[in-house]
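To start, the structure under review is shown below, and the notes come after it.
The values are calculated or read from the model by the stated rules, or taken from the named source; none is laboratory data. The shown structure was predicted, so the numbers you read here are calculated from the model rather than taken from an experiment. Cβ sites come from the backbone with ideal geometry, for glycine too, and all protein chains shown count toward neighbours.
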Amino acid sequence: MAQGVLFTSGDVVVHARRPEWGDGVVDRAVTVEHEGKAAQRLVIRFAHQGMVTLNTGVAPLVRKDASSMASTTTPSSSSSRPNLGNPGTGWLGGLGEKRTGEELYKLPDVMTDPFATHARRLQATLDSYRFGTDGRDPRLLLDWAVAQTGLNDPLTKYTRPELEQAFPRYNRDRENHLFELVRFMKRQGEAATLNKMVQEATLPAARAALQRAIRA
């Protein structure tokens, strides 16, 4: 959170590291402490991501200038009027919707929750390696798609090639997240926790990935 910046309900913000989420409207704001400094826990509804809870001590949020909002939502301009029939156009039209396919490669909240402990986030990431790392096993690919979408049969919404194309991006983002989390834990002096989790890892793929991250 920028020095002196406080967000309140109704503020329109953008996530500097997740511009693809689109504009977000603050639903609730609670004052918290993060690493000894004042911060806020915000519940925000993003145009292309839905409802997300963020810690301003971690997430780089920027309040969107009111004048820029006016220029994109003025009713008299047909070119700037949100198309409510298409969730991919207009920030209002995207509320509660996800762009096609985005739910497939989005990392689950349990991996990235800023309010969870590092060990819990890491364990959730390691657990996800039960789906494999290449997307070639049809059964694991389908299990992954079920977990990602919440659908009993993801093939009613996506084709098999679409799942196969989405998994490599998910795997790449998961690997990057794992390496970043491990680097942070090492800086925080949690090497003992990392070594213990290597020893306790039951999935060979997860153990190998964690060992790579620790060596990096």
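Couple of notes before you dig in:
- Selection status of VAL58, more than 27 Å from LYS157 (Cβ to Cβ) and at pLDDT 85 or above: yes
- Residue match in the stretch 140-157 (condition: of a type in the set (Ser, Thr, Tyr), within 22 Å of ALA208 (Cα to Cα) and outside the structural domain of MET51 (by TED's automatic domain parsing)): no
- Test for ASP109: is it of a type in the set (Asp, Glu), free of Cβ contacts under 8 Å to residues at least 60 places away in the same chain, under 22 Å from LEU54 (Cβ atoms) and outside the structural domain of THR53 (by TED's automatic domain parsing): yes
- Residue selected from the stretch 195-216 under the condition without any contact (Cβ under 8 Å) to a residue 24 or more places away in the chain and among the aliphatic types (A, V, I, L, M), by the criterion surrounded by the most Cβ atoms within 10 Å (Cβ to Cβ): VAL198
- The numbered conditions (1) of a type in the set (A, V, I, L, M); (2) assigned to a helix (DSSP H, G or I); (3) loosely packed, with under 15 Cβ neighbours inside 10 Å are all true for LEU142 except (3).
- Qualifying residue in the stretch 170-186 (condition: surrounded by fewer than 17 Cβ atoms within 10 Å (Cβ to Cβ), under 19 Å from the mean Cα position of the chain (by Cα) and touching a residue at least 40 places away in the same chain (Cβ under 8 Å)): yes
- Residues of the stretch 17-44 classified as part of a strand (DSSP E or B), of a type in the set (Lys, Arg) and surrounded by fewer than 17 Cβ atoms within 10 Å (Cβ to Cβ), total: 2
- Residues of the stretch 148-169 satisfying the condition of being farther than 14 Å from GLY135 by Cα, under 19 Å from the mean Cα position of the chain (by Cα) and surrounded by 15 or more Cβ atoms within 10 Å (Cβ to Cβ): THR149
- With respect to the conditions (1) at pLDDT 85 or above; (2) among the charged types (D, E, K, R); (3) surrounded by 14 or more Cβ atoms within 10 Å (Cβ to Cβ); (4) within 29 Å of TYR170 (Cα to Cα), ASP11 lacks only one, and its number is (4).
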